[in-house]
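Step one of this worksheet: look at the structure below.
The values are calculated or read from the model by the stated rules, or taken from the named source; none is laboratory data. Bear in mind that the values here come from a model prediction, so they are computed numbers and not experimental data. When we count neighbours, we look across all protein chains shown, and the Cβ atoms used for this are built from the backbone with ideal geometry, even at glycine. Side chains are part of the model used for accessible areas, which takes the heavy atoms of the whole protein and leaves out ligands, DNA and RNA. Shrake-Rupley method; radii C 1.70, N 1.55, O 1.52, S 1.80 Å.
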Amino acid sequence: MITKEITKDVFFLGGIDWNRRLFDSLIPLPDGTSYNAYLIRGSEKTVLLDAVDPSMAHQLLDQLKEVEKIDFIISHHAEQDHSGAIPHVLEKYPDAKVIATPKGKDLLIDHLPIPADKIQTVADGEELSLGNKSLKFIHYPWVHWPETMLTYLKEEHILFTCDFFGSHLATSETYVSDECRVYEAAKRYYAEIMMPFRKIIKKNFGKLNDYHIRIIAPSHGPLYHKPEFIIEAYKEWISDEPGNLVVLPYISMHGSVEKMVETLVDALGKKGVVVQPFDLTVTDIGKLAISLVDAATIVIGTPTVLGEPHPMVAYAARLADLLKPKVKFASVIATYGWGTSVVEKIAEMIPHLKVELIDPVVVKGHPKESDFRALDELAEKIAAKHRDHQFKS
Ligand code: FEO
């Protein structure tokens, strides 16, 4: 049965996945997540916006128990955590039509057992009357698949955004109350899901200026009844300007790289540069992703393992490359015993990072006085770059 009313005819449905700890078999979910769906009852038509992950289809169907008719199911995004339960909803409401972008139609057919004749496509800006209410569809590709769109409920000024502006956060609260907690969760979500598409998100961001938005209703995490909170945060995250921050993911096997990290962290701090080291043996990879949102420089620390970077460092470097943060500079601090190609290998692992490489510090055996001096020089080079660009802390 429907339990949460947003306005008189708009309802908040879906499932809270309190215990999920991994998404896409990749992304840590320290706070669980939710799969939000919404129901709008117009005077003539009833619409379901998105469904839920298939694991929670039974919950959605239970919430819909007393809903006799659904005319349209709007699919903003074909990924299964929102579309996976659509076939179950169609079984209950066989006359319902699924609404998606043209690309969304293709992806729904590819990923789910939904017949093509059940899906109706909508153009960018197209409207759908529900009688006393009307919906406007806004194509907004690459948040974070190519088919994504948003829906604006004109009379209530509610923008339904699916993944966009979402947060992996399981909470019984309908709206954001603890902004700090949601900021962290939403930034983690942006870093892991949206950041690779920063430039296209930025290009389309102006589309939102055409709408008076009273509520943003995403499909993960709580709703925003102060939309400017998340809109302003996104503006900062998608901006081209990084902060005065060095991110330093590293592995140390016998303590030498750790000594180098400690020296570099200390030297950077003394020169006014904020630095965040991540020991990859204990790091929540999501925290690393969050730091990459603002970082101007990435320094990768690694021992040499069979001539190459440590495999956990290789993983972090590939992840950073895939997430395409706006870092401007990169360097490597490394150790080796008798031969190494770590710098060349790491450079090969980050082809998408449009960075200027700053001279690495590569040490044979344990670090000595001259190596500590080299690390101090590296810190000064980084600090000078940050000063020249006037990156702000
Ligand atoms: Fe929440 Fe891209 O799915």
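A few notes on this one:
- Among the residues of this structure, ALA37 counts as one that is in contact with a strand residue (DSSP E or B) (Cβ under 9 Å, 6 or more places away or on another chain), within 15 Å of the ligand (Cβ to nearest atom), within 21 Å of GLU127 (Cα to Cα) and open to solvent by less than 60 Å² (accessible area, probe 1.4 Å).
- Candidates LEU322, LEU268, filtered to the one that is in a helix (DSSP H, G or I), buried (at least 20 other Cβ atoms within 10 Å of the Cβ) and either in contact (Cβ under 8 Å) with a residue 24 or more places away in the chain or among the aromatic types (Phe, Trp, Tyr) (or both): LEU268
- Residue list for segment 321-352, restricted to those being more than 18 Å from THR263 (Cβ to Cβ), in contact with a helix residue (DSSP H, G or I) (Cβ under 6 Å, 6 or more places away or on another chain) and among the hydrophobic types (A, V, I, L, M, F, W, C): LEU323, PHE329, ILE346, MET349, ILE350
- Residues (away from the ligand (no atom under 16 Å from the Cβ) and in a loop (DSSP other than H, G, I, E, B)) located in segment 72-90: none
- Taking the listed residues ASP50, ASP62, ASP95, ASP31, the one that is at negative phi and within 16 Å of the ligand (Cβ to nearest atom) is ASP31, with no other qualifying.
- The residue that is least open to solvent (accessible area, probe 1.4 Å), among those in segment 271-295 that are within 17 Å of LYS381 (Cα to Cα) and in contact with a helix residue (DSSP H, G or I) (Cβ under 6 Å, 6 or more places away or on another chain), is VAL273.
- Qualifying positions in segment 218-265 - farther than 20 Å from VAL355 by Cα, open to solvent by less than 10 Å² (accessible area, probe 1.4 Å), outside any helix (DSSP H, G or I) and more than 16 Å from the ligand (Cβ to nearest atom): TYR224, ILE251
- HIS366 falls short on exactly one of the conditions (1) surrounded by 18 or more Cβ atoms within 10 Å (Cβ to Cβ); (2) under 18 Å from TYR250 (Cα atoms), and that condition is (1).
- Strands (runs of 3 or more DSSP E) enclosed by segment 1-56 - at least 3 residues per element that are farther than 22 Å from LEU130 by Cα: 10-17, 33-41
- Residue ID - nearest to SER34 (Cα to Cα), chosen from residues in segment 75-102 that are in contact with a His (Cβ under 9 Å, 6 or more places away or on another chain) and of a type in the set (D, E, K, R): ASP81
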